[in-house]
Amino acid sequence: MLDKAAREEILDGTTWYAWEIEENDGGWLLTYVDVLSVILAMLVVLLGQMAVQHLQTTNEDSRMAASYEAVPSDEPTIEVQQPQPSIQTDADSAQTIDAETRLVAAIEDRFQDEVKVVQRDKGISLEIADVILFDSGKAELLAEALPVLKKLAVTLQEIGEADIAVEGHTDDRPILGGRFQSNWELAAARANAVTRFLLDQGFAPKHLRSVSYADAHPVADNSNPNGRAENRRVNLRVEFLK
């Protein structure tokens, strides 16, 4: 058995050991709790600050939106106007139709059977029989044709500026001898003669052209004299400028 001094030494060691264990466990637990408390407090503070900042930002956005609605902008407003081609086109079309109507009325009033008016899909065609303008197989203007062409030129100039195509037409009978080798050449020479006359009357060259169709566009039957006479003609296709 242990003596008294040995038991006291053991008890003293146990007490020291027990005290050491208790002291170490309690210190660690208190430190961990303190750290958690600090972290929790920091989270609460951060969340509070974020909530306050979000609220301030929302209020500022609301005030700025209200100010933009209440205060008019100083920047100029740009208005884009779309072109209105349909209105202009309708006006030009009405003007052209009016010019064509006046030309038809003037031709019917000033000319008897000398000039015939033919409505086309585009423009008006004025037909003049070759017997009024030329001798058979020739391309020199007759003296009696000049007053008719002069009056026609004045009428066209009164109505307005226009593009004019002078077209020469013949019947289908072949050319037998003489100056011209074919109906193409005869029709071209006759169209050129009328075009030169219009140039002398002051028409702009850029608005005139001379065309030969020979017998390619008959308006009547070439099998009889009356039909061939109708096919021998000079046409002025008139298109008024907008």
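The values are calculated or read from the model by the stated rules, or taken from the named source; none is laboratory data. Note that the structure is predicted; figures quoted are calculated from it, not measured. Neighbour counts run over all protein chains shown; Cβ positions are idealised from the backbone, glycine included. Only protein heavy atoms, including side chains, enter the accessible area calculation; ligands, DNA and RNA are left aside. Shrake-Rupley method; radii C 1.70, N 1.55, O 1.52, S 1.80 Å.
Residue by residue, here is whether (1) open to solvent by 30 Å² or more (accessible area, probe 1.4 Å); (2) in contact (Cβ under 8 Å) with a residue 12 or more places away in the chain holds:
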{"site": "Ile175", "(1), (2)": "yes, yes"}
{"site": "Trp184", "(1), (2)": "yes, yes"}
{"site": "Arg196", "(1), (2)": "yes, no"}
{"site": "Leu208", "(1), (2)": "no, yes"}
{"site": "Asn231", "(1), (2)": "no, yes"}
{"site": "Leu236", "(1), (2)": "no, yes"}
{"site": "Lys242", "(1), (2)": "yes, yes"}
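Matching residues to (1) assigned to a helix (DSSP H, G or I); (2) at pLDDT 95 or above:
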residue: Leu176; (1), (2): no, no
residue: Leu186; (1), (2): yes, yes
residue: Ala191; (1), (2): yes, yes
residue: Phe197; (1), (2): yes, yes
residue: Ser212; (1), (2): no, yes
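Taken over the range 118-139, the criterion of being under 25 Å from Asp172 (Cβ atoms), outside any loop (DSSP other than H, G, I, E, B) and open to solvent by less than 100 Å² (accessible area, probe 1.4 Å) is satisfied by Val118, Ser125, Leu126, Glu127, Ile128, Ala129, Asp130, Ile132, Leu133. Ala188 passes every criterion in (1) crowded, with 17+ Cβ neighbours inside 10 Å; (2) in contact with a Leu (Cβ under 9 Å, 6 or more places away or on another chain) apart from (2).
The single residue among Ala162, Ala214 that is in contact (Cβ under 8 Å) with a residue 12 or more places away in the chain, in contact with a Phe, Trp or Tyr (Cβ under 6 Å, 6 or more places away or on another chain) and either open to solvent by 80 Å² or more (accessible area, probe 1.4 Å) or farther than 24 Å from Asp135 by Cβ (or both) turns out to be Ala162. Does the range 199-210 hold any residues that are in a helix (DSSP H, G or I) and either over 19 Å from Leu142 (Cα atoms) or of a type in the set (Val, Ile, Thr) (or both), and which are they? Hits for the range 199-210 are Pro205, Lys206, His207. For the range 93-117, the tally of residues that are surrounded by 13 or more Cβ atoms within 10 Å (Cβ to Cβ) and closer than 12 Å to Phe240 by Cα stands at 7. Answer yes or no as to whether Ile128 is under 26 Å from Asp221 (Cα atoms), among the β-branched types (Val, Ile, Thr) and within 42 Å of the chain's Cα centre (by Cα). In short, yes.
Within the range 212-242, the set of residues being over 19 Å from Leu156 (Cα atoms) and aliphatic (A, V, I, L, M) comprises Ala214, Ala216, Val219, Ala220, Ala229.
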